[in-house]
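Peer 1: One structure, pasted below without further comment.
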Amino acid sequence: MDHKELVELILARVMEKLSQGGDCSQECPCGGPAPDDGRPGLLILTQEHGQTCHSVLEDPRLTARYRTECALLQNYQVDLDRFEAVVIYEFTNETLCKLAGGICDTPFLKLAQQALLGGKRVFVPTEELEAMRATSCKLPAPYCAMLQEKLALLTACGLTICSQQNLAGAILDGACPACDAPVPAPAPEPCCPAKELHLEKRVITERDVTAADADKVTCIHIGEKAILTALAAEYAKSKGIRLIRGAAR
């Protein structure tokens, strides 16, 4: 097999894989740059190919008014001056912390920062915000408070959080009935208030920590000379329960 035949065989196999894959294809609505036709631009900003953003790209109400494009398919080489609004997907806690802290070490984050600082209308669907998910309740309360502060900073800079169901209305006319009130972060009740327990025991066992966890205790105070079993310490660590020695009441 000569070099030309080998190249053609490789290209054929690559095209076959692409046609079988789950990523966006050429027929996907996440197309490349759309020609300017007088409509303002609506940019979808995401880190991975997926189907969630298609609800925006295919919404007839939005496509009637906006020229929709996907930044990922353009390798983030996007002129933001061509766009009026930006919708960000896959808004992880890492993205939240970096963006609020001014750390923009990826093209995705750089575009998000430019959109916010440039006064663009920037939206994040509630379902795409990791800090709003129920799993955030399992995080330590101080960490949740930190997420709340960073999200409050971004919303003060113009970030709008709105459910996917109400997103089109929010983009078109600013109406978001279920989301008009300021959105607390990481959720309306993401983290329970810290609950402490003082154990006046000589030996602290796994059973003690398990019982405390069932009572939603987040911090256990034990005596300076109390014996803490390895299983108890391991269980407390796995549940995010702080163990403090010698702390006074």
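Coordinate-derived values only; no laboratory data. Here the structure is a predicted model, which is why all the values come from computation and not from measurement. Glycine gets a Cβ as well: all are built from the backbone with ideal geometry, and neighbour counts include every protein chain shown.
Peer 1: Computed FRET efficiency, Cβ-Cβ of Q165 and K110, R0 45 Å: what is it to the nearest 0.05?
Peer 2: Taking R0 as 45 Å, the efficiency between Q165 and K110 is 0.90.
Peer 1: Quick check: from the Cα gyration tensor, does segment 195-249 come out rounded (a/c under 1.5), prolate or oblate?
Peer 2: Because a/c hits 1.5 or more and a/b fails to exceed b/c, segment 195-249 counts as oblate.
Peer 1: Moving on. Could you compute Rg(Cα) / (2.2 N^0.38 Å) for segment 61-175, with N its residue count?
Peer 2: After normalising by residue count via 2.2 N^0.38 Å, the value is 1.08.
Peer 1: Let me ask something else about it. Could you compute the net charge surrounding E128? Neighbours are other residues with a C-beta less than 14 Å from the C-beta of E128; K and R count +1, D and E count -1.
Peer 2: Its environment carries a net charge of -4.
Peer 1: When the Cα atoms of segment 34-121 are enclosed in a convex hull and the volume is divided per residue, what value in Å³ results?
Peer 2: Taking the convex hull of the Cα positions in segment 34-121, it is 93 Å³ per residue.
Peer 1: Ok, one more. Could you please report the charge total around L117, scoring K, R as +1 and D, E as -1 over all other residues with beta-carbon less than 15 angstrom from its beta-carbon?
Peer 2: That works out to +3.
Peer 1: Find out how many positive minus negative residues lie around R65, taking Lys and Arg as positive, Asp and Glu as negative, among other residues whose Cβ is under 11 Å from that of R65.
Peer 2: Once all neighbours under 11 Å are counted, the net charge is 0.
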